[in-house]
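*Asks:* Before I ask anything, let me first share the structure, which is written out below as structure tokens.
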Amino acid sequence: RPGTKFMVAISVDAPEPIDVDLDPWGAIELRARNAFACVFMAAGLVVMIVSILSSPTTEDAVFSMELAAFTGLNATVGPTVSPAFTLIVRVENPSALHPWCSNGGEVLVSYSGVALAWGHLPVFCVRRNAAAEFTVLPWGWEVGLSEDLRRRLVSEWNMVAAQILVEMRMFNPDCWMRTEVCRVKSLHRFEFDLKVRDDDQDYRTCNF
């Protein structure tokens, strides 16, 4: 009937229905607001997806290490030792979204709290759902041992009870500050028994 108004909803997702009796400019303005809201929501969704895909991974990589060989630990010939170690490091990245990267790192090998050898880790990235393996060669030159520590090393070696501690620090590639908390991405410790194996010539070089 004349004078009757009808309300038409254009979408269940529309913020508000459009009044067909609005003047043309009002209807255009309302449609423009609705279109802007849709574009804004779509842009926000895109930004969220990009942020998730580009942000650093929060999943920790899985590290393992093998003591492949060592030499130069004969503490019976003098108060110093010049050891060298061959360490095989394996890194597994469980993330399906991000690579796991490290801006290099450091390795420290110690015995009974005394540093014996030092080494550097390479810069590397592990692809998503993948693993990487590399070799680290820490070494030390004429490391001084106290008489008590030297005797202890010889005694524990003879009893096949000597152990070394390997500490590995990975550096964060996304850190621009010099603070230790930011710079160190992960820290790992491994203990190894110094045992002589008959099938490995490199191990037999440590026989005292």
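No value in this document is a laboratory result; all are computed from the given coordinates. Note that this is a predicted model, so its numbers are computed, not measured. Glycine gets a Cβ as well: all are built from the backbone with ideal geometry, and neighbour counts include every protein chain shown.
*Asks:* Between the DSSP loop rule and a limit of at most 15 other Cβ atoms within 10 Å, which GluC sites (Glu not before Pro) in segment 83-143 are left? Please list the in-between numbers first.
*Replies:* Values: sites: Glu92, Glu106, Glu133, Glu142; in loops: Glu142.
Of the GluC sites (Glu not before Pro), the ones in loops of segment 83-143 whose Cβ has at most 15 other Cβ atoms within 10 Å are Glu142.
*Asks:* Another question about this same structure. Taking segment 94-198, which trypsin sites (Lys or Arg not before Pro) meet the DSSP loop condition and have no more than 15 other C-beta atoms within 10 Å?
*Replies:* Numbers: sites: Arg127, Arg128, Arg150, Arg151, Arg152, Arg169, Arg178, Arg183, Lys185, Arg189, Lys195, Arg197; in loops: Arg127, Arg128, Arg178, Lys195, Arg197.
Answer in residue order: Arg127, Arg128, Arg178, Lys195, Arg197.
*Asks:* 5 Å is the cut-off here: which amide hydrogens, built 1.01 Å from N in the peptide plane, fall below it relative to Leu121, excluding neighbours closer than 5 in sequence?
*Replies:* Here Gly105, Glu106, Val107 satisfy the definition.
*Asks:* Calculate one ³J(HN,Hα) per residue across segment 60-65 by plugging θ = phi - 60° into the Karplus curve 6.51 cos²θ - 1.76 cosθ + 1.60, and present them in order as whole Hz with x for glycine and proline.
*Replies:* Result, ordered by residue: 7, 6, 9, 10, 9, 9 Hz.
*Asks:* Taking neighbour Cβ counts within 10 Å as the exposure measure, how do Trp100, Trp157, Trp118 sort from fewest upward?
*Replies:* Least to most surrounded, the residues fall as Trp118, Trp157, Trp100.
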